[in-house]
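All remarks here apply to the structure that follows.
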Amino acid sequence: SKRVKNTKLTRHFLIGNEAHLLPHPGYPDPPPENHTKGWKVYVRPLPNGPDITTWLKKVQFKLHHTYNDASRTIEAPGPFEVQETGYGEFGVEIRLYFAPESGEKAVYREHYLVLAPYGSEEQKARQERENLIVAERLETVEFNEPTVDFFKTLTSE
Ligand code: SLL
């Protein structure tokens, strides 16, 4: 389909994880054997940011092969997140699928799970006290010369 020339649209979102030492509310108690951590990996809009499900339609999270059904696919409206328990850190492979009218291929990202306290001694102490670890970063996708239909989707937010 027709494309909008000399135009690039950029969208921002977060990829990250949160983690807790088990037991923790919302996670199986007792946890599976050897599982010491509960975590959630996610693709989210920015806090108070615009809806991302207008343009992001599906997210595939590929977990470590030690998990049953390691490939987890979440369709819009989401939330685009996977909650699990486990014992170890690993890189989650993430594929982002866009609205069909975009004609865009899926985009790949990786997020390395952070399950242990990190940062300064003060930050680590707070993460331990709150039993909450958050590791996330701002991500960007760029749509260069989007199709006319996708341009409409993106700009009608
Ligand atoms: C390693 N980085 O090098 C680690 C691998 C394994 C993650 C982490 C439990 C999976 C399950 C789990 O935490 N796997 O029992 O379902 O060995």
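No value in this document is a laboratory result; all are computed from the given coordinates. Quick caveat, the model's predicted, so the values are computed rather than measured. Cβ atoms come from the backbone with ideal geometry, glycine included; neighbour counts cover every protein chain shown.
Dipole magnitude for the chain: about 660 debye, using +1 per Lys or Arg Cβ and -1 per Asp or Glu Cβ, origin at the Cα centre. Phi angles of the stretch 98-109 translate, via the Karplus equation with coefficients 6.51, -1.76, 1.60 and θ = phi - 60°, into HN-Hα couplings of 9, 3, x, 5, 6, x, 8, 6, 4, 10, 9, 9 Hz per residue; Gly and Pro are given as x.
Note on LEU138 and THR66: their simple-model spin labels are 3.5 nm apart, each label 7 Å out from Cα toward Cβ.
Loop-located GluC sites (Glu not before Pro) in the stretch 22-99 (DSSP state not H, G, I, E or B) with no more than 12 neighbouring Cβ atoms inside 10 Å: GLU33. Work out the charge dipole of the chain with +1 on the Cβ of Lys and Arg and -1 on the Cβ of Asp and Glu about the Cα centre, then indicate which of LEU14, VAL107, ILE94 is farthest towards its positive end. Farthest towards the positive pole: VAL107. Take every pair of alpha-carbon atoms less than 8 Å apart whose residues are at least six positions apart; their mean separation over the length of the chain yields a relative contact order of 35 percent. Summing Cβ point charges (Lys, Arg +1; Asp, Glu -1) relative to the Cα centre of the stretch 5-45 gives a dipole of roughly 580 debye. Computed 3J(HN,Hα) for the stretch 62-79, one whole-Hz value per residue from the Karplus formula 6.51 cos²θ - 1.76 cosθ + 1.60 where θ = phi - 60°, is 9, 8, 4, 5, 6, 8, 5, 6, 4, 8, 10, 10, 10, 8, 4, x, x, x, glycine and proline marked x. Which entries of LYS8/LYS40; LYS40/LYS124; LYS40/LYS152; LYS2/LYS40; LYS40/LYS105 show an alpha-carbon separation above 30 angstrom in the structure shown? Beyond 30 Å: LYS8/LYS40; LYS40/LYS152; LYS2/LYS40. Gyration tensor over the Cα atoms of the chain: the corresponding equivalent ellipsoid has semi-axes (square roots of 5 times the eigenvalues, largest first) of 34, 17, 12 Å.
By the helix-only formula, in which each DSSP H run with n ≥ 4 contributes -39500 (n - 2.57) and the sum is divided by residues, the chain has a 222 nm mean residue ellipticity of -3000 deg cm²/dmol. Between the helical axis of 121-130 and the longest alpha-carbon principal axis of the chain there is an angle of about 80 degrees. Applied to the stretch 22-36, the Karplus parametrisation 6.51 cos²θ - 1.76 cosθ + 1.60 on θ = phi - 60° returns per-residue 3J(HN,Hα) values of 8, x, 8, x, x, 10, x, 9, x, x, x, 3, 6, 8, 9 Hz, with x for Gly and Pro. Length gained on full extension, TYR112 to LEU21, computed as 0.36 nm times the residue gap minus the Cα-Cα distance: 31.0 nm. Taken as Cα centroids, the stretch 124-155 and the stretch 29-55 sit 12 Å apart, rounded to the nearest whole angstrom.
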